[in-house]
1. Restricting to the range 32-67, what's the tally of residues that are in a helix (DSSP H, G or I) and within 22 Å of Val9 (Cβ to Cβ)?
2. What's the number of the condition Arg45 fails, among (1) under 21 Å from the mean Cα position of the chain (by Cα); (2) free of Cβ contacts under 8 Å to residues at least 24 places away in the same chain?
3. Tyr2 - would you say it is among the hydroxyl-bearing types (Ser, Thr, Tyr) and at pLDDT 90 or above?
4. Within the group Asn19, Asn37, which residue is within 25 Å of the chain's Cα centre (by Cα), loosely packed, with under 10 Cβ neighbours inside 10 Å and free of Cβ contacts under 8 Å to residues at least 24 places away in the same chain?
Amino acid sequence: MYNVTKRAVGVVVNKRIKNRYIAKKINVRVEHISHSNSRKEFLERAAENDRRKVEASKAGIRGITEELKRKVSVLEGSCGYAGFGQYPCS
């Protein structure tokens with residue numbers, strides 16, 4: 001955002017033109033703006049991880065940080081990456 005007024009917000013948008021991107025400044029009404037859910041999900045995940053760390057330290061469990069990291073989710077029915085360009089379901 002580069003400009004905030006009473007009814008609108010100035011936003012920088014990257015517009016693709018052929019093989020390059022150009023930064024365009026547009027004004028968007030407040031009614032059309034919504035908060036990003038990725039930040040909310042991150043804060044929820046961080047709070048849950050902190051809670052689990054406290055429980056693990058009370059129980060005397062060490063090395064729980066690897067369990068708290070996000071796992072890669074593979075879409076059901078997708079081939080996935082098998083390494084060096086080899087796909088198992090082709």
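1. First pass over the range 32-67, keeping only residues in a helix (DSSP H, G or I): 32, 37-59, 65-67.
Subset that is within 22 Å of Val9 (Cβ to Cβ): 32, 37-40.
Number of matching residues: 5.
2. The one condition Arg45 does not meet is (2).
3. So Tyr2 does not fit the description; no.
4. Of Asn19, Asn37, the one residue that is within 25 Å of the chain's Cα centre (by Cα), loosely packed, with under 10 Cβ neighbours inside 10 Å and free of Cβ contacts under 8 Å to residues at least 24 places away in the same chain is Asn37.
The values are calculated or read from the model by the stated rules, or taken from the named source; none is laboratory data. It should be emphasised that the depicted structure is a prediction, and the values quoted were computed from it without experimental measurement. Glycine also receives a Cβ, built like all others from the backbone with ideal geometry; neighbour counts cover every protein chain displayed.
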